[in-house]
1. When the dipole is taken about the Cα centre of the protein assembly as shown, and only Lys, Arg (+1) and Asp, Glu (-1) are charged at their Cβ, what size is it in debye, to the nearest 20?
2. Just by accessible area at a 1.4 angstrom probe, what is the order of B:M67, A:M334, B:M47 from largest to smallest?
3. Given the C-alpha centroids of segment A:425-439 and segment A:174-193, what is the distance between them in whole angstrom?
4. Might you report the magnitude of the Cβ-based charge dipole of segment A:440-526 about its Cα centre, with Lys and Arg at +1 and Asp and Glu at -1, to the nearest 20 debye?
5. Explain nothing, just the number: relative contact order of chain B, from Cα pairs under 8 Å at least 6 residues apart, as a whole percent.
6. In whole Hz, what ³J(HN,Hα) sequence does segment A:290-300 give by Karplus (6.51, -1.76, 1.60; θ = phi - 60°), x for Gly and Pro?
7. Could you tell me which of the pairs A:K300/A:K478; A:K333/B:K75; A:K283/B:K75 are separated by over 32 angstrom between their Cα atoms in the structure shown?
8. Karplus couplings for segment B:88-93 from phi (6.51 cos²θ - 1.76 cosθ + 1.60, θ = phi - 60°), rounded to Hz, Gly and Pro as x?
Amino acid sequence: MAATRLVWKGRTSSTFLRVSYLSRDLARRNHNAASLSEYTDVPEYPEILDENREARKRRKTEAWHQKITGLPTLEQKLMELNMPKYYGYWSCRLHDAKPTLQGTPFTRYATRTHVVEGLPEGYHEKEAAGALAKELKDSVEELILLNFQSTLSRRNFGLGRAIEKRQTQNFLLGLHKILASSLAPSAEHLKDAVVDIRPRVEAFWFLGGLQPDNLLKKKRRNFKYMKDKEHDPMERSIQAESSPCLCVRTSLGLPEVVSREDSLATSAPVPVENLDPRAYGFKFKHKHATIVTGFWPGEKKEHSQLWLHSREFEEKFGLEFGLHNVHNALIQKMIISSFSQAFAHATYQGFGPVTELTYPIVHQSAISDGQKWNFSLYQMNTCVLHSENATENPYNNILWLSPEQNLFEAVEESGVKGLNEEVLTSLIAMYLKKGIIRENASPYLAPYKYLAGHNAPEEYREEFQNYLRDLLSGRPRKLLKPEMYLWEKIYKKDNNTRPYESPRRFFEDHFNQMNPEKRRLDEYSPIYIPKACRKDKKQKHKPRLDSENLYKYD
Amino acid sequence: MNKSKIFSHTNATPCGSRQQVNMSTRWYPLYRRGNPQLRVFLPNFYMKLIKPRDPQPKNVVQFEVSMQMTKFDIKNYLEKIYNVPVENVVTHVRMGQVNRSKFGGYLVKEDDFKVAYVSLPATETFEFPDLFPEEKKNEEDKQMEQIENLKKDWETNKGRDKHRQGAPSWLGL
């Protein structure tokens with residue numbers, strides 16, 4: 001695209017375009033007749049594109065989504081997802097251990113989940129599990145006595161909920177050890193299963209179809225092209241965090257519960273709660289888009305068998321909002337944790353907030369405090385919820401939640417009273433569920449999947465990985481996002497009471513004005529390389545961050 | 001003893017400019033450790049039910065309350081006086097607008113106020129009524145027209161008795 005070089009000489013009334021003699025030749029070359037090989041019998045017209053503002057914006061975002069989908073490795077996708085925002089996204093925080101009073105309908109809308117009471121029939125093998133439960137009954141009773149009859153240690157680890165969480169974690173870990181060791185002979189997949197203790201699981205996605213807030217409506221009202229689209233829905237970014245006690249990982253993913261074309265997965269009712277998330281009690285925070293699974297990329301065991309959660313949040317929630325609302329909080333917790341876990345796993349397979357799934361992902365979880373148990377099953381059929389996909393999605397996700405059951409009635413001096421074998425059976429059945437091999441499990445990842453197999457130089461890969469790891473750690477930057485102080489808003493921005501002061505701040509009109517919101521991750525000054533350290537004497541700076549080539553010279 | 005230490009202060013601004021207007025005109029005793037719990041009968045506060053600035057869930061009601069009221073005060077106020085069941089109260093203080101004064105052009109800040117979002121039980125719903133319905137608008141327009149006409153008449157008839165000021169209207173031919 002060699003355009004003619006335009007040379008303006010001064011701004012007088014008789015200004016005219018002067019074309020330099022060098023670029024005249026280039027211009028002539030473009031205007032010659034095309035070569036014969038470019039002609040075809042049937043004319044191939046380019047696609048007629050809608051040129052209005054909305055359509056152009058759409059094409060731009062879709063091109064970005066296609067770029068992410070086309071990147072070969074997981075790390076590059078995560079980096080490109082973070083590329084538009086140097087200081088991070090201002091996202092709605094959904095924390096599973098901090099449910100809000102009004103939040104349950106919104107979480108169902110935000111994750112497009114349909115909640116079904118009771119586990120599905122026929123998914124787990126109950127008979128085999130029942131037989132094994134009888135054998136393990138004694139060792140489980142011993143474990144309960146150990147954990148709940150007397151204090152394990154005289155030291156107090158924290159206060160209140162922390163004590164309960166630690167106690168639950170110890171019990172669940174002990175339970176896993178018993179079950180895994182005794183079930184391993186009968187279940188191949190458990191022989192080399194891996195356990196994560198308190199893994200950090202986070203998910204990030206874009207949610208569309210939300211009602212615009214006052215700031216956005218004001219902005220649209222004052223902008224010529226968006227005046228009549230003032231009340232159009234908007235998109236927000238959501239960052240969910242899950243805090244499980246344990247994760248049991250195996251090498252094969254669980255099979256689907258219902259087919260993806262089943263009516264439960266395509267047209268189950270999902271509430272439309274599209275108010276501002278702050279109206280439901282959720283807060284916003286600046287953070288980079290972190291999608292973390294609890295294991296490093298490159299792990300062989302990248303599918304989860306079972307997730308175990310603790311329920312220490314229920315006590316505080318019950319005291320604050322009443323015991324009759326605790327069930328809602330439990331549903332909220334299970335939805336957020338199951339979705340973020342399934343979503344993180346989906347991303348590590350190459351799907352993500354802009355790449356739709358090709359097969360459903362199923363996760364099993366159980367939440368308990370030792371005595372009270374709830375089991376749940378989550379089938380994720382869709383992970384793309386941006387723009388109109390939040391409401392007009394062909395698929396929806398499903399959560400099956402069992403009613404509350406007690407593992408034992410009481411623990412006394414004599415022993416455990418009323419051990420419920422059904423709970424043990426359900427848990428063992430979850431362990432025994434075998435995964436299936438999926439062909440083409442990661443259609444959007446290259447065969448080498450992760451950065452380690454990329455063909456860029458090793459130092460590029462190392463630095464890229466380190467930078468991404470720092471981004472995903474959630475640590476704040478050393479130099480925080482520039483902030484407009486209240487006095488500046490009053491005396492400079494809203495009312496100009498200081499007209500004679502030089503405009504040097506980032507929000508003021510001058511040559512160096514920059515909007516920190518629009519700063520991209522690759523908008524930084526590359527580091528200078530002193531002459532002695534250079535490989536190529538002409539390359540004075542390090543290459544710039546680039547999602548396709550990891551690092552690229554300007 | 002200094003009276004100001006026993007009784008709670010009014011919201012006087014530190015820089016000494018005009019005092020903020022309280023919703024309560026009473027001074028309540030400041031709590032000291034060991035005091036019995038303050039029980040207020042016939043509280044002097046009022047709570048203003050307002051239309052939500054941003055859309056809220058169906059069981060949330062928005063109030064403007066006195067800056068001196070706490071979440072517990074708001075909850076007890078509604079439950080004890082009006083018998084309205086309250087699940088949860090969220091409050092925050094909103095800063096008043098900063099505007100230019102019409103006379104002088106200097107900056108003037110309106111008073112801060114506290115906003116409370118009261119969540120009723122999930123079974124209850126509340127919708128702020130439409131105070132300016134379309135049907136009444138025509139009536140209002142007619143009334144405004146009448147006022148305009150009266151104004152015009154006044155203007156035309158103003159100069160009628162100018163040449164005989166002070167004399168009553170029934171005097172003369």
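1. For this selection, approximately 4840 debye.
2. Details: B:M67 65, A:M334 0, B:M47 30 Å².
Correct descending sequence by accessible area is B:M67, B:M47, A:M334.
3. Computed from Cα coordinates, the inter-centre distance equals 12 Å.
4. 300
5. Relative contact order here is 17 percent.
6. These are the phi-based 3J(HN,Hα) values: 9, 10, 10, 10, x, 9, 6, x, x, 5, 6 Hz.
7. Correct reply: A:K300/A:K478.
8. Ordered by residue, 3J(HN,Hα) equals 7, 10, 10, 10, 8, 9 Hz.
The values are calculated or read from the model by the stated rules, or taken from the named source; none is laboratory data. Being a predicted model, the structure only gives us computed values, none of them experimental. FYI the Cβ positions are ideal-geometry reconstructions off the backbone, even for glycines, and counts take in every protein chain you see. Remember, those area values only see protein heavy atoms, side chains included, never the ligands or the DNA or RNA. Shrake-Rupley method; radii C 1.70, N 1.55, O 1.52, S 1.80 Å.
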